[in-house]
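What follows is a set of notes on a single structure, which appears directly below.
We did not get these values from a lab; they are worked out from the coordinates using the rules stated. Fair warning: this is a prediction, and the values are worked out from it, not measured in the lab. Quick reminder, even Gly has a Cβ in these numbers, built from the backbone with ideal geometry, and neighbours come from all protein chains shown.
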């Protein structure tokens, strides 16, 4: 149980970091915002423990 809780914290951290990167790329280089999009979606799904 503790191991699972630790993993989800790591996934939430990865989600927040990749979301910040995606928003920054959306602001500065809008044509390239889709590059971090798979990381945002994958880390969100993993953080919600849907996979």
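Determine which residues of the stretch 35-51 fall in the zone a paramagnetic label at residue 17 would reach in this model, i.e. backbone nitrogen under 19 Å from the point 7 Å along Cα→Cβ. Once the point is set 7 Å along Cα→Cβ of residue 17, 35-49 turn out to lie under 19 Å by backbone N, inside the stretch 35-51.
Per-residue ellipticity at 222 nm from helix content only, as computed over the chain with -39500 (n - 2.57) for each DSSP H run of at least four residues, stands at -25500 deg cm²/dmol. The C-alpha atoms of the chain define a longest principal axis, and helix 37-47 lies at about 20 degrees to it. Taking every alpha-carbon pair in the stretch 2-47 and binning the separations at 10 Å intervals from zero gives 32, 44, 18, 6, 0 percent.
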